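No lab work stands behind these numbers, since they all come straight from the coordinates. The structure presented is a predicted model; accordingly, all values stated were derived computationally and were not measured. Cβ coordinates were reconstructed from backbone atoms using ideal geometry, including for glycine residues, and neighbour counts include every protein chain displayed.
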């Protein structure tokens with residue numbers, strides 16, 4: 001299959017649309033939580049940012065849909081917008097159900113250049129999802145919440161994986177259709193966009209804040225686990241590989257962060273072994 005061809009477009013669009021799940025967040029089997037678990041859930045600092053991010057994403061993707069003429073692309077992108085909006089409803093449902101305190105939500109602000117905004121968002125989502133997969137795996141392995149809770153969110157993480165796979169295929173297809181199909185040029189543009197996304201991510205990590213872009217990368221401390229950097233990165237890599245293995249191998253996948261993580265892990269393994277917890281151990285009480 002040739003990248004940028006009609007067959008390529010049909011494959012990444014149809015794969016995306018045919019894997020769509022139908023559900024409504026308010027109808028999901030939300031579990032009852034005991035007091036310690038409820039306190040742990042309420043102590044996670046990123047729920048407001050997650051809600052704001054998903055609200056922004058839904059509005060952005062819906063706005064971009066209106067600019068798309070190709071009927072197949074338009075249908076697929078519209079579906080992504082619906083899923084982003086549903087993610088916002090899911091987070092809002094969780095916040096309401098478990099009494100999580102919220103501040104005033106930030107207003108939704110869209111750039112005048114909607115396609116550029118959509119593109120930057122897609123590359124940021126490729127990076128942020130990688131860490132979200134890892135955090136989810138770490139929390140599940142540690143049994144921090146009832147399994148029913150993870151059962152609800154597992155398909156949501158799969159939806160994020162679908163979004164980023166759709167995005168990287170859309171980006172490549174569009175570049176080729178616009179006469180920018182030379183591999184070197186595409187690689188340069190991809191690295192430039194990733195550079196912008198990485199800058200936001202590194203700014204968030206260096207500041208230690210969870211209210212910026214890439215907030216899942218800064219949120220391991222919310223789980224108060226005895227977790228090494230090497231352990232966290234290994235889990236991110238394993239969880240990413242597990243979710244990406246579900247896609248048609250003909251489809252492109254985000255590769256930059258998995259490759260950088262693999263390099264980082266090899267580097268860490270060359271150093272003398274020492275305990276380097278990311279966060280403090282939890283209090284058993």
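Across the range 20-54, no residue has a backbone nitrogen under 12 Å from the label position 7 Å along the beta-carbon direction of residue 147. Does a label point 7 Å from the Cα of residue 177, set along Cα-to-beta-carbon, have any residues of the range 131-160 with amide nitrogen under 20 Å, and which are they? Counting backbone N atoms under 20 Å from the label point, the list is empty. Taking 0.36 nm per residue of sequence separation and removing the Cα-Cα distance, the residue 229/residue 271 pair yields an extension gain of 13.8 nm. With neighbours defined as other Cβ atoms within 10 Å of a residue's Cβ, the residues 154, 128 order from fewest to most as 154, 128. Taking a point 7 Å from the Cα of residue 89 along the Cα-to-Cβ direction, the residues of the range 27-41 with backbone N closer than 12 Å to it are 27-28. Residues 72, 168, 61 in ascending order of nearby Cβ atoms (within 10 Å, fewest first): 72, 168, 61. Report the relative contact order of the range 40-171, percent, no decimals, based on alpha-carbon pairs under 8 angstrom and at least 6 residues apart. After rounding, I find 27 percent.
Expressed in nm to one decimal, what extension gain is obtained for the pair residue 250 and residue 98 from 0.36 nm per residue of sequence separation less their Cα-Cα distance? Length gained between residue 250 and residue 98: 50.5 nm. The packing ranking, built from the mean of other Cβ atoms within 10 Å per residue, places the peptides 75-84, 129-138 in the order 129-138, 75-84, highest first. Between residue 39 and residue 7, the C-beta separation translates, for a Förster distance of 45 Å, into a calculated FRET efficiency of about 0.30. Label points 7 Å out from Cα along the Cβ direction at residue 114 and residue 26: separation in nm? Label-label distance for residue 114 and residue 26, simple model: 2.8 nm.
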